Amino acid sequence: MATTRRGRRIHPGVERMKAQLRSGSCDRREFLRTVTLLGVGASAAYAMAGRILGEKIVDPLQAAQDAGRRGGILRVSMPVPEIKDPATFDWTEKSNCVRHMIEYLTYTGPDNITRPYLAERWEASDDLTVWTFHLRRGVRWHNGDVFDAEDVIFNFTRWLDPKTGSSNQGLFAAMTEEYDTGERNADGSPEKGRRMRAGAIEKLDDFTVRLNLSRPVLSIPENLFNYPTAIVHRDFEKNGGDLLAWPMGTGPYTIADFAVGEKCILRRIDRPYWGETLEDPFIGGPIHLDEIHYYDHGAASAAQLAAFASGQVDMTFEVGKDSLQMAQSVPGAVLYEVTTAQTGVMRMQVDREPFDDPRVRRAIQLCCDASVYPELVYLGRGTVGEHHHVAPIHPEYFPLPAFEPDLEEAKRLLAEAGYPEGLELSIDVGNTNGPWQQQVCEIFREQLAPAGIRLDINVMPAPQYWEIWDKTPFGFTSWTHRPLGTMVLSLGYRCGVPWNETRYCNPAFDAALDAAESTLEVEERRRLMEKVQRILREDAVIVQPLWQPKFTVASEKVKGFRAHPTQYHLFHRVWIDA
Amino acid sequence: MLRLAARRFGAMILIMAVVSFILFLIFETDKLAVAGKVLGPYSSLEQRELWLEREGYNRPFLVRYGEWVTDALRGDFGESIRFKAPVADLLWPRLANSAILAGLVFLLMIPLSLLLGVLAGMREGSLLDRGLSFLSILTTSVPEFASAAFLVALFVFELRWLPGTSAMTGGFDWSQLVLPVAVLVLYDFGYVARMTRASMAEVMTSHYIRTAILKGLPRHRVVLRHALRNALIAPFTVIVLQLNWLLSGVIVVEVFFAYKGFGALLYDAAMFGDIYLIEACTMVAVFVAVFSQFVSDVGYTLLNPRIRFAGSTVR
């Protein structure tokens, strides 16, 4: 068995990945991502890649370190929603409000590399079904309690309890089992739910926990940085289950003042932060900022930008594509653009008429000429969607043959499904992350018309859309970036998971996804993803026009900031150059 | 007069009672939906039913309505679902913020529009009159969101003179009120000025003014002592009714500038389906609407000696 110099076991997959990098069957990015998931430290992984490729490759984040200056307040314009329970967070903004107070077991940097956070390291069994997490010692909660395995077990148990209603259920489906809820569905059949399997998590000692999966999953460390997986104190529920009422974290800041819709003020804790002695490019080293202020100027990026332009804030959460030129015109503004796997899908509920007929769904999909959307909607930025929710920037992406729109076939399918004269449809759009969604629907309406499909666009306020996002038969839902395509597929398309908004359930798809998630070899996984992507596209549950680019703007005096494709904020290394 | 006031007051109470009942009927008939709103979309049926029982929702509708009215009269509107705070704690500071905005708008708009309206009305057809008509039609016909965007582009992005939002995040700051007040004054002054101008022009052509002029009274005395009082009756009504607009009609401006006023609160409540907050905001808005109507009616009667009512007329 291969071991490190400290005698720790090295996953056999690391050697296989090295061989793949040598042979050229995987690229450097994929190598780095996979070996770090298998427990190799990021710096070591970069060094390994350098040795194999004969280049001097250093961790870019490590290289970007600068001294920084202590003190100052970073003011950010961002919507401030309620933040009661991190397990049920459904907006990135919610997690940003508390990201510097409560922390995650791992984190994925902007370079797509997953690094240790509250977990010091991890190991996976050869078959990727047993994951052992070694927790960092010396981490304390703000009340002085020691962070340990009990906290982690409490969080997993809570996430996977159906009563919590956490989307984490989909991510950790391999730790759950199906059960009879005792209630009946509308058709009289017994209602099934999912809950944690007995023995899915075990405590090996105070600082070691083990996850026992029912099937192999490679992305467990990445899943642990998905925004609802922040670790709360083991007494969270005993203290009311409300983070605001009991703001208890392990991070460098705590909430000093908070008002929904107005502000979230974070102040540095008055005790040493455990991460200050850590060697890590993103979360290690001295904390610079005294305070982080989030101010709510509304979701509209125009107001955020106006606040930035007049120096009321140092940074905005987002800049809309229509405001890019205006943002750049502000003296001292630095515009950050990041390629993401953020998208929006026009998704159909497969158990609701007329979408319960696959021919209708397929016909709708066949009307979509996705090639026009990046140009028309994002002025040439963005990437064409392919109706399977796996992005070209995802490491496991398999390039399927380009999707060809076919109006004649669409008409034929509609006629066969009993709609020879076409049909009337209504789509709900909430413009939940900008008016581009409505613009997409308007273009799609024109593309549907020649096939005899008349699309009525029902525009509603964003919060109202989030009320019905998983209930409406036909709606436009935005999905944030995740480092792996399989993460989104597990969250949104597996049978019976909480965020399955289409009610799609195809055991063949689930099985193909299981197989892909459990495969270490890059080429093999990519080959398996072909099936996953193909099934989802052919089952036609979504029409996916494009992948969005994301923009944010910050003052030039904000140093050390790196835009993250998920729009997650990590300000540990950020400082203000006064 | 007192009878008129009492009658108008009675009508005001009746309107509020009817609106409150309709409001309660719309929002609180579907008890499970209320529980779903409060407990969140992932709450189970069992959790919702337990909550309904605990909160007394299983009592008859009219009993619940009666209790809601009693609580509302005491200023207790329940807890906001979105803001997780008592509605009353949110309502009063937001009303105060809107009152500051409205007060400043009134302070600038009333003297400006009355002065311009009177001057234009005094000389109908003059250059000033035509100029004012053109300007007021222009400013009134430009919607607030357009003038707000224009002023922000000019004063925030181009000249960099003024703050772009009015959230008062660092404490109260007068400079943050400049743009929202400017937008509202621009939008509204033309309307009041035109009403004043029309009223003044009408008065200036009346017989008693002509008599006063022919009597040889100086023009300024004619205007100030004889024309102005009558000419201001119509604008008075219009101005009082603007109070209602400045409370709940300025949503666009408050949202645009992120000003934490009553309009923005109403907008948030509606967007998030915050039932208790919508109920409270609606009742406040209705109260201000009917109360300003009441003040307008009574005030108009007091100011205008030609209006007398059957009961008090001496034949």
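The values are calculated or read from the model by the stated rules, or taken from the named source; none is laboratory data. Only a predicted model underlies this, so the values are computations on that prediction, with no experimental measurement involved. Cβ atoms come from the backbone with ideal geometry, glycine included; neighbour counts cover every protein chain shown. Accessible surface areas use protein heavy atoms only, side chains included; no ligands, DNA or RNA. Shrake-Rupley method; radii C 1.70, N 1.55, O 1.52, S 1.80 Å.
Might you check whether a residue that is of a type outside the set (G, A, S), outside any loop (DSSP other than H, G, I, E, B) and closer than 16 Å to A:T176 by Cα occurs anywhere in the stretch A:215-228? Yes - at least one qualifying residue is present in the stretch A:215-228.
Within the stretch B:265-273, not a single residue is modelled with pLDDT of 85 or more, within 14 Å of chain A (Cβ to nearest Cβ) and not in a helix (DSSP H, G or I). Of all residues in the stretch A:315-361, those being within 13 Å of chain B (Cβ to nearest Cβ), aliphatic (A, V, I, L, M), open to solvent by less than 40 Å² (accessible area, probe 1.4 Å) and assigned to a helix (DSSP H, G or I) number 1. When the stretch A:300-314 is filtered for residues that are of a type in the set (A, V, I, L, M) and surrounded by fewer than 24 Cβ atoms within 10 Å (Cβ to Cβ), the ones remaining, listed by number, are A:A300, A:A302, A:A303.
Candidates B:L32, B:L2, B:L50: the one that is at pLDDT below 90, farther than 30 Å from B:V253 by Cα and touching a Leu at 6+ places or on another chain (Cβ under 9 Å) is B:L32. Quick check on my filter: what residues within the stretch A:384-430 are within 19 Å of the chain's Cα centre (by Cα) and within 25 Å of A:W466 (Cβ to Cβ)? Hits for the stretch A:384-430 are A:G385, A:H387, A:H388, A:H389, A:V390, A:A391. What do you reckon, is B:S133 more than 30 Å from B:M204 (Cβ to Cβ), of a type in the set (S, T, Y) and under 25 Å from the mean Cα position of the chain (by Cα)? No.
In the stretch B:145-188, the residue that is nearest to the other protein chains (Cβ to nearest Cβ) out of those that are open to solvent by 40 Å² or more (accessible area, probe 1.4 Å) and assigned to a loop (DSSP other than H, G, I, E, B) is B:T169.
Scanning the stretch A:267-314 for residues that are touching a helix residue (DSSP H, G or I) at 6+ places or on another chain (Cβ under 9 Å) and more than 14 Å from every other protein chain (Cβ to nearest Cβ) gives A:E279, A:D280, A:P281, A:F282, A:I283, A:G284, A:G285, A:P286, A:I287. Entry remark, the stretch A:454-482: residues being closer than 26 Å to A:F225 by Cα and crowded, with 24+ Cβ neighbours inside 10 Å number 4 in total. For the stretch B:89-113, a residue qualifies if it is small (G, A, S) and surrounded by 18 or more Cβ atoms within 10 Å (Cβ to Cβ), and the qualifying residues are B:S98, B:A102, B:S113. Could we say that A:L128 is crowded, with 22+ Cβ neighbours inside 10 Å and more than 28 Å from A:F561 (Cα to Cα) here? Judged against the criteria, A:L128 is a match.
Quick check: anything in the stretch B:128-144 of a type outside the set (A, V, I, L, M), on the phi > 0 side of the Ramachandran plot and open to solvent by 20 Å² or more (accessible area, probe 1.4 Å)? Looking for residues that are of a type outside the set (A, V, I, L, M), on the phi > 0 side of the Ramachandran plot and open to solvent by 20 Å² or more (accessible area, probe 1.4 Å), one finds none in the stretch B:128-144, hence no. Taking A:E183, is it at pLDDT below 85, within 14 Å of chain B (Cβ to nearest Cβ) and over 25 Å from A:L513 (Cα atoms)? When the stated conditions are applied, A:E183 passes them. Number of residues in the stretch A:228-250 that are open to solvent by 10 Å² or more (accessible area, probe 1.4 Å) and more than 14 Å from A:D148 (Cα to Cα) equals 11. Taken over the stretch A:492-551, the criterion of being in contact (Cβ under 8 Å) with a residue 60 or more places away in the chain and basic (K, R) is satisfied by A:R494, A:R503, A:R525, A:R526, A:R527, A:R534, A:R537, A:K550. Restricting to the stretch A:435-453, name every residue that is open to solvent by 20 Å² or more (accessible area, probe 1.4 Å) and either farther than 27 Å from A:E409 by Cα or among the acidic types (D, E) (or both). Across the stretch A:435-453, the qualifying residues are A:P435, A:E442, A:E446.
The helices (runs of 4 or more DSSP H) found entirely in the stretch A:1-106 that carry 1 or more residues being open to solvent by less than 10 Å² (accessible area, probe 1.4 Å) and at pLDDT 80 or above are A:12-23, A:28-37, A:42-53, A:92-98. Is it the case that the stretch A:512-526 has a residue that's β-branched (V, I, T), assigned to a helix (DSSP H, G or I) and under 22 Å from the mean Cα position of the chain (by Cα)? Scanning the stretch A:512-526 turns up at least one residue that is β-branched (V, I, T), assigned to a helix (DSSP H, G or I) and under 22 Å from the mean Cα position of the chain (by Cα). Counting only helices (runs of 4 or more DSSP H) that sit completely within the stretch A:400-469, those holding 2 or more residues that are touching a strand residue (DSSP E or B) at 6+ places or on another chain (Cβ under 6 Å), of a type outside the set (K, R) and away from chain B (no Cβ under 14 Å) correspond to A:436-448.
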